[in-house]
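Step one of this worksheet: look at the structure below.
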Amino acid sequence: MSLTSLDAKVKLRDGKEIPQLGFGTYELDGKDAYNAVTIALEAGYRHIDSAEWYDNEKEVGQAIRDFLKRSGLPRSDVFYTTKLKNNVSHEATLASIKKSLDLCGLEYLDLYLIHGPWGGRTIRRACWRALCEARDQGLIRTAGVSTFGLRHLKEIIEGAGGTDGTDSEPLEVPVVHQIDLHPFQTRTAIVEYCKEQGITLEAWAPLVRGMRFNHPVVKALSEKYSKAPAQILLRYSLQKGFVAIPKSSSKTRIYDNTNLFDFAINDEEMKELDALDEGLVTDWDPTNCP
Ligand SMILES: NC(=O)c1ccc[n+]([C@@H]2O[C@H](COP(=O)([O-])OP(=O)(O)OC[C@H]3O[C@@H](n4cnc5c(N)ncnc54)[C@H](OP(=O)(O)O)[C@@H]3O)[C@@H](O)[C@H]2O)c1
């Protein structure tokens, strides 16, 4: 894996590749989503993260399609992710996938995630089977999960938690797990388990949603490397081997967040950042839901 440019990609356990720096679109609505994604693509991002929940799949898909048309680049040059909002049933999941596909108009979804682990074990496993089926049908290329706790991951991967031996067979291992990861929320046990399983970790809130830019350790590194706190946090994420998906609505900051490839945080400083873990929840945390 090369950390030298915005083109850096991570190889997934299913053999596909994902651009290591992506662009998040949470809280970008309508025209703002279209404009921000257009700027991001023009800045060189080739990985865009959306979700049924964000209610912007149409505008995000349109921005990607317009960019591809303008630039003459093939569909395969942009990696597009979206996510399942409601965990209801196998059939409802397949219907949601088809709806997301229609909305974005992108032929296929590069990555589709179960957004969160609600619904209980039986429903989670049914939804996961539906993702695998959609992958086999070619609607999605890669299937994964998001904000799952250890227990939820083990239910799928090891068949854990079943009663009376029913529905207890191991299912396919999710390829990607998107979860909040940054120095103030390191989720060590989940990260270790995912690494053992060969699951690629995607860091949401890699900028800590702006809540710790003034932390003394972050500020000291910012001064040392003449980089903004946001760039220190993103560089940390990339050096951890995570796929990072920062969001911004500002053209300047969208570009700033790509300026990460001319410095490196040393090992001692990486450990210093790791030691800042305070289990900070910046938005939501369903990892313990039943
Ligand atoms: N799976 C999940 O449950 C889940 C949950 C949350 C998020 N996500 C995904 O992960 C993406 C990133 O997470 P996030 O949006 O919550 O948080 P984030 O990327 O950590 O932080 C975004 C915030 O940082 C600000 N910002 C961006 N660049 C900056 C810079 N260079 N300097 C100063 N401030 C900067 C943004 O403000 P401006 O817009 O004003 O620049 C925004 O307020 C989301 O957009 C979404 O795609 C997934």
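The values are calculated or read from the model by the stated rules, or taken from the named source; none is laboratory data. Keep in mind it's a predicted model, so treat the numbers as computed, not measured. Using ideal geometry, Cβ is built from the backbone for each residue, glycine included, and neighbour counts are taken over all protein chains shown. In case anyone asks, the SASA skips ligands and DNA or RNA and just uses the protein heavy atoms, side chains included. Shrake-Rupley method; radii C 1.70, N 1.55, O 1.52, S 1.80 Å.
Can you name every residue in segment 255-285 that is near the ligand (Cβ under 8 Å from one of its atoms) and within 17 Å of the chain's Cα centre (by Cα)? Correct list: Asn257, Thr282, Asp283, Trp284. Selection within segment 16-41: residues that are open to solvent by less than 10 Å² (accessible area, probe 1.4 Å), in contact (Cβ under 8 Å) with a residue 40 or more places away in the chain and assigned to a helix (DSSP H, G or I). The member of this set that is farthest from the ligand (Cβ to nearest atom) is Ala40. Of all residues in segment 63-88, those satisfying the criterion of being part of a helix (DSSP H, G or I), among the aliphatic types (A, V, I, L, M) and either farther than 21 Å from Lys16 by Cβ or touching a Leu at 6+ places or on another chain (Cβ under 7 Å) (or both) are Ala63, Ile64.
Which residues, taken from segment 107-158, are in a strand (DSSP E or B), open to solvent by 10 Å² or more (accessible area, probe 1.4 Å) and either away from the ligand (no atom under 16 Å from the Cβ) or not charged (D, E, K, R) (or both)?
Arg141
In the set (1) modelled with pLDDT of 95 or more; (2) surrounded by 15 or more Cβ atoms within 10 Å (Cβ to Cβ), the condition left unmet by Thr188 is number (2). Here the condition is being free of Cβ contacts under 8 Å to residues at least 60 places away in the same chain and touching a Pro at 6+ places or on another chain (Cβ under 9 Å); of Leu201, Leu207, it holds for Leu207 alone. When you look at Gly44, is it touching a Lys or Arg at 6+ places or on another chain (Cβ under 6 Å), in contact (Cβ under 8 Å) with a residue 24 or more places away in the chain and open to solvent by less than 40 Å² (accessible area, probe 1.4 Å), yes or no? Answer is no for this residue. Regarding segment 67-87, can at least one residue be identified that is over 18 Å from Leu106 (Cα atoms) and surrounded by fewer than 19 Cβ atoms within 10 Å (Cβ to Cβ)? For segment 67-87, residues over 18 Å from Leu106 (Cα atoms) and surrounded by fewer than 19 Cβ atoms within 10 Å (Cβ to Cβ): present. State the number of residues belonging to segment 206-232 that are within 20 Å of the chain's Cα centre (by Cα) and near the ligand (Cβ under 8 Å from one of its atoms). Counting residues in segment 206-232 that are within 20 Å of the chain's Cα centre (by Cα) and near the ligand (Cβ under 8 Å from one of its atoms) gives 7.
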